[in-house]
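Here the structure is laid out as structure tokens; the discussion comes afterwards.
The values are calculated or read from the model by the stated rules, or taken from the named source; none is laboratory data. Quick caveat, the model's predicted, so the values are computed rather than measured. Cβ: placed from backbone, ideal geometry, glycine included. Neighbour counts: every protein chain shown.
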Number of protein chains: 4
Amino acid sequence: MHHPEIPTIHVDVQIMFFDTDCAAVVNNIAYLRFIETARTLLAEQIGMSLAQMAETQRYPVVVRTEIDYKRGATLGNKLEVKGWLEKVERSTFWVAFEITRPADGALIVTSRQRLALVQMPEGRPIRLPKEWDVRFKHLKAH
Amino acid sequence: MHHPEIPTIHVDVQIMFFDTDCAAVVNNIAYLRFIETARTLLAEQIGMSLAQMAETQRYPVVVRTEIDYKRGATLGNKLEVKGWLEKVERSTFWVAFEITRPADGALIVTSRQRLALVQMPEGRPIRLPKEWDVRFKHLKAH
Amino acid sequence: MHHPEIPTIHVDVQIMFFDTDCAAVVNNIAYLRFIETARTLLAEQIGMSLAQMAETQRYPVVVRTEIDYKRGATLGNKLEVKGWLEKVERSTFWVAFEITRPADGALIVTSRQRLALVQMPEGRPIRLPKEWDVRFKHLKAH
Amino acid sequence: MHHPEIPTIHVDVQIMFFDTDCAAVVNNIAYLRFIETARTLLAEQIGMSLAQMAETQRYPVVVRTEIDYKRGATLGNKLEVKGWLEKVERSTFWVAFEITRPADGALIVTSRQRLALVQMPEGRPIRLPKEWDVRFKHLKAH
């Protein structure tokens with residue numbers, strides 16, 4: 001039997017001072033950096049290389065973020081960011097994320113982001129790569 | 001006739017280099033800083049002063065963010081962040097935001113955040129101030 | 001008598017959660033944002049507008065930063081950033097900064113940055129504007 | 001012959017969107033995050049664990065930063081941050097950094113930071129660990 005591909009990435013991060021705030025936990029904004037790192041490496045894995053983006057000026061652009069903060073994390077914590085391609089629409093796609101703390105198995109953050117492919121500097125939306133129709137057929141929205 | 005209070009704040013920001021990225025527009029994460037500034041000043045206006053938070057270690061903590069990116073903004077753009085108290089639940093409340101560019105009237109970003117009041121460093125949720133039951137009765141979720 | 005021009009700027013900032021870290025004071029990196037804001041507005045005042053930079057792709061680029069942290073600042077503190085053109089060399093110039101807390105007169109941070117004018121994306125250094133030879137003659141290095 | 005210990009750390013980073021700005025290179029402030037990460041891991045290696053810092057509220061605090069920007073780095077670049085203990089004074093110590101791009105051997109950034117050990121929240125300076133007198137005798141300033 002054939003297992004359809006679900007592009008997935010795992011990124012390890014350790015909480016630094018600049019990730020925390022005076023409430024002594026990680027500031028809500030810092031997680032978006034962790035997520036951007038995972039998303040960028042996932043895009044590279046799917047075939048959108050950073051070098052190519054910089055050259056063609058075609059970038060996957062975040063058009064919506066949903067993020068739920070479940071538990072606080074603190075200085076020095078080692079977290080794992082898991083990101084995966086969740087859904088592919090005509091001209092946008094969704095990536096989902098889960099941030100956990102392996103030391104105690106705590107679920108820290110869940111998130112989803114919707115992205116569009118955009119030609120800069122005009123900001124013009126571009127159709128997703130044609131090959132995605134077949135490659136990610138099982139992730140197509142109905 | 002009596003107009004019920006809807007606490008609202010307006011904050012002006014100008015886009016700096018560190019707000020942009022190499023796609024030549026404002027990075028999606030930067031808007032969360034603008035929103036945090038508006039939210040913090042709104043909290044102060046409602047009666048949660050920063051000095052008091054630091055002293056009592058009771059902080060309004062973001063438990064969910066939803067943010068939609070409508071249009072790109074660029075270096076030097078002057079934006080207006082409008083934030084207001086949208087809904088009050090038993091132990092959490094929602095604040096809504098709209099970021100616009102007055103120069104051309106463009107709507108740049110819309111966002112909503114759900115917050116809980118938390119006693120640090122334990123991370124224990126606290127009941128919202130009792131006086132909110134009356135003061136924000138018209139914003140109560142049903 | 002003629003007072004030679006020393007371009008100077010004052011910027012007010014208030015410390016937000018994302019400026020602090022878990023040591024409960026402002027993180028050392030946050031001050032560099034305050035300084036970049038002051039520097040950018042100073043550059044605009046001297047005649048390097050942000051819109052023009054984005055169009056011509058000629059940017060003042062930081063080539064060296066020196067910063068001394070004198071006192072900690074905390075959540076909610078209102079600080080004043082003063083920045084001024086300190087010295088003009090053949091192809092670079094220095095801007096100096098002082099960050100104070102008016103409430104108690106405390107000196108929080110002092111800093112100096114050396115900048116070069118650079119043509120992007122090549123990264124090629126450009127001569128400073130000719131008119132600066134006369135305009136900032138009194139700030140010329142010997 | 002005995003080689004005296006010079007605590008040294010190497011950290012790999014890859015340039016993400018949020019590290020760059022609209023001049024298409026890494027924003028000057030982003031390097032300070034890379035340096036903070038290296039410095040924190042170096043501190044941990046020397047015996048100042050993050051968990052211990054958070055518990056005792058004794059933190060190494062940056063009192064001065066000097067940083068020279070030699071070359072620009074761009075989206076997707078893989079950089080190596082090398083940090084080492086440079087000098088130990090009575091109550092402060094210096095850490096030095098070099099950021100290079102292994103792909104072409106380019107030297108991107110050099111930096112030095114002076115740190116003091118501080119008891120928070122009072123902000124009171126603390127004497128460096130007594131064992132450093134012997135352990136880092138060869139790094140003592142004269």
Requested in this report: Might you check whether a residue that is more than 10 Å from chain A (Cβ to nearest Cβ), farther than 30 Å from C:Met53 by Cα, without any contact (Cβ under 8 Å) to a residue 60 or more places away in the chain and in contact with a Ser or Thr (Cβ under 7 Å, 6 or more places away or on another chain) occurs anywhere in the range D:54-65?
Outcome: yes
Query raised in the report: Here are D:Val109, D:Val25: which of them is more than 10 Å from chain A (Cβ to nearest Cβ), in contact with a Cys (Cβ under 9 Å, 6 or more places away or on another chain) and not aromatic (Phe, Trp, Tyr)?
Result: D:Val25
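Quick one: in the range D:8-41, which of the residues that are among the small types (Gly, Ala, Ser) and buried (at least 22 other Cβ atoms within 10 Å of the Cβ) is farthest from the chain's Cα centre (by Cα)?
So the first thing to find is which residues in the range D:8-41 are among the small types (Gly, Ala, Ser), and the list is D:23-24, D:30, D:38.
Those still in the list that are buried (at least 22 other Cβ atoms within 10 Å of the Cβ) too: D:23, D:38.
Numbers: D:Ala23: 26, D:Ala38: 5 Å.
That would be D:Ala23.
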Query raised in the report: Is there a residue in the range B:31-43 that is more than 11 Å from chain C (Cβ to nearest Cβ), touching a strand residue (DSSP E or B) at 6+ places or on another chain (Cβ under 7 Å) and polar (S, T, N, Q)?
Result: no
**Report entry** Residue check, B:Pro129 surrounded by fewer than 18 Cβ atoms within 10 Å (Cβ to Cβ) and either at pLDDT 95 or above or aliphatic (A, V, I, L, M) (or both)
**Finding:** no
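Quickly run through the range D:55-77 and pick out the residues that are of a type in the set (Lys, Arg) and over 14 Å from the mean Cα position of the chain (by Cα).
Start the filter on the range D:55-77 by keeping residues that are of a type in the set (Lys, Arg), which leaves D:58, D:64, D:70-71.
Scanning the range D:55-77 gives D:Arg58, D:Lys70, D:Arg71.
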Requested in this report: Could you please give the count of residues in the range A:67-84 that are over 16 Å from A:Asp104 (Cα atoms) and surrounded by fewer than 17 Cβ atoms within 10 Å (Cβ to Cβ)?
Outcome: 2
Query raised in the report: When both residues are 6+ apart or on different chains and their Cβ atoms are under 7 Å apart, which pairs have a first residue that lies in the range D:1-14 and is farther than 30 Å from A:Ala38 by Cβ, and a second that is at pLDDT 95 or above and part of a strand (DSSP E or B)?
Result: D:Ile6/D:Trp84; D:Ile6/D:Leu85; D:Pro7/D:Trp84; D:Pro7/D:Leu85
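Scan the range A:119-142 for residues that are part of a strand (DSSP E or B) and away from chain B (no Cβ under 14 Å) and report the count. Show your work before the answer.
Filtering the range A:119-142 down to residues part of a strand (DSSP E or B) leaves A:119, A:124-126, A:140.
In the following step, the residues that additionally are away from chain B (no Cβ under 14 Å) were identified as A:140.
Total satisfying the criteria: 1.
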Requested in this report: List the number of the failed condition for B:Leu75; all other conditions in (1) under 25 Å from C:Thr74 (Cβ atoms); (2) within 13 Å of chain C (Cβ to nearest Cβ); (3) of a type outside the set (Gly, Ala, Ser) hold.
Outcome: (1)
Query raised in the report: Do the conditions hold for C:Leu85, that is, is it touching a residue at least 40 places away in the same chain (Cβ under 8 Å) and touching an Asp or Glu at 6+ places or on another chain (Cβ under 8 Å)?
Result: no
Query raised in the report: Do we find that D:Ala54 is modelled with pLDDT under 95 and buried (at least 17 other Cβ atoms within 10 Å of the Cβ) in this structure?
Result: yes
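Hey, among C:Lys87, C:Lys70, which residue is in contact with a Leu (Cβ under 6 Å, 6 or more places away or on another chain), away from chain B (no Cβ under 12 Å) and more than 28 Å from C:Pro4 (Cβ to Cβ)? Working first, answer last.
Details: C:Lys87 fails: more than 28 Å from C:Pro4 (Cβ to Cβ).
The match here is C:Lys70.
Scan the range C:83-112 residue by residue and report those that are among the small types (Gly, Ala, Ser) and either modelled with pLDDT under 95 or more than 15 Å from the chain's Cα centre (by Cα) (or both). Explain how you work it out, then say what you get.
Kept after step one, since they are among the small types (Gly, Ala, Ser), are these residues of the range C:83-112: C:83, C:91, C:96, C:103, C:105-106, C:111.
Passing the criteria: C:Ser91, C:Ala103, C:Gly105, C:Ala106.
Checking the condition acidic (Asp, Glu), more than 9 Å from every other protein chain (Cβ to nearest Cβ) and either within 12 Å of the chain's Cα centre (by Cα) or within 23 Å of A:Thr40 (Cβ to Cβ) (or both), which residue from D:Glu80, D:Glu5 passes? First the steps, then the outcome.
Values: D:Glu5 fails: either within 12 Å of the chain's Cα centre (by Cα) or within 23 Å of A:Thr40 (Cβ to Cβ) (or both).
Just a single option satisfies the conditions, and that option is D:Glu80.
Hey, any hits in the range A:90-99 for a residue that's of a type in the set (A, V, I, L, M), within 14 Å of chain D (Cβ to nearest Cβ) and in contact with a strand residue (DSSP E or B) (Cβ under 8 Å, 6 or more places away or on another chain)? Can you show your working first?
Let us first name the residues in the range A:90-99 that are of a type in the set (A, V, I, L, M), namely A:95-96, A:99.
Filter once more, so that each one left must be within 14 Å of chain D (Cβ to nearest Cβ): none.
No - not one qualifying residue is present in the range A:90-99.
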